[in-house]
Amino acid sequence: QMQLVESGGGLVQAGGSLRISCAASGRTFSSYAMGWFRQAPGKEREFVAAINWSGSSTNYADSVKGRFTISRDNAKNTVYLQMNSLKPEDTAVYYCNSAPSIRAIDRLFGSWGQGTQVTVSS
């Protein structure tokens, strides 16, 4: 089982930027795709972005395309999400998880962490 710890969230103004991180342990990090997900109050958890094992391929939800960038540092067992041009509707708890490949991002096998809170004020 892969254990995941998210960090870097906070309060930002609309139009601002924030970078959040996800540190992984328990499995060979560099062999797997990674994804970011978020959950707003009263709503279901939704997909945000994904990256393949090497970082050469990425996917994004339509709601964040052009604003968010996912990246990874396999030497540090860490995946990042750079969030620019933030909007109030981006307010949510952000989580990361792992999958066998980027095309199988729905086949998550990591343990959900506590997530990191991102709040965007208007």
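The values are calculated or read from the model by the stated rules, or taken from the named source; none is laboratory data. Everything quoted here is computed from the prediction, not taken from an experiment. We place every Cβ from the backbone using ideal geometry, glycine too, and count neighbours over all the protein chains shown. Please note that ligands, DNA and RNA were not included when accessible areas were found on the heavy atoms of the full protein model with its side chains. Shrake-Rupley method; radii C 1.70, N 1.55, O 1.52, S 1.80 Å.
The figures follow:
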{"item": "Cβ pairs under 9 Å, 6+ apart, first in segment 102-122 and part of a strand (DSSP E or B), second aromatic (Phe, Trp, Tyr)", "result": "116/94; 116/95; 117/94; 118/94"}
{"item": "Strands (runs of 3 or more DSSP E) wholly inside segment 1-95 containing at least 2 residues that are within 11 Å of the chain's Cα centre (by Cα) and under 28 Å from residue 122 (Cβ atoms)", "result": "3-7, 18-25, 33-39, 46-51, 68-73, 78-83"}
{"item": "Test: residue in segment 12-22 that is open to solvent by 70 Å² or more (accessible area, probe 1.4 Å), touching a Leu at 6+ places or on another chain (Cβ under 9 Å) and at pLDDT 95 or above", "result": "yes"}
{"item": "Residue tally, condition farther than 30 Å from residue 15 by Cβ and modelled with pLDDT of 95 or more, over segment 70-122", "result": "0"}
{"item": "Residue 66, sole failed condition from (1) more than 26 Å from residue 1 (Cα to Cα); (2) at pLDDT 95 or above; (3) touching a helix residue (DSSP H, G or I) at 6+ places or on another chain (Cβ under 7 Å)", "result": "(3)"}
{"item": "Some residue of segment 81-89 being under 14 Å from residue 24 (Cα atoms) and loosely packed, with under 14 Cβ neighbours inside 10 Å", "result": "no"}
{"item": "Failed item in (1) within 20 Å of residue 7 (Cα to Cα); (2) of a type in the set (Lys, Arg); (3) surrounded by fewer than 20 Cβ atoms within 10 Å (Cβ to Cβ), with residue 43 passing the rest", "result": "(1)"}
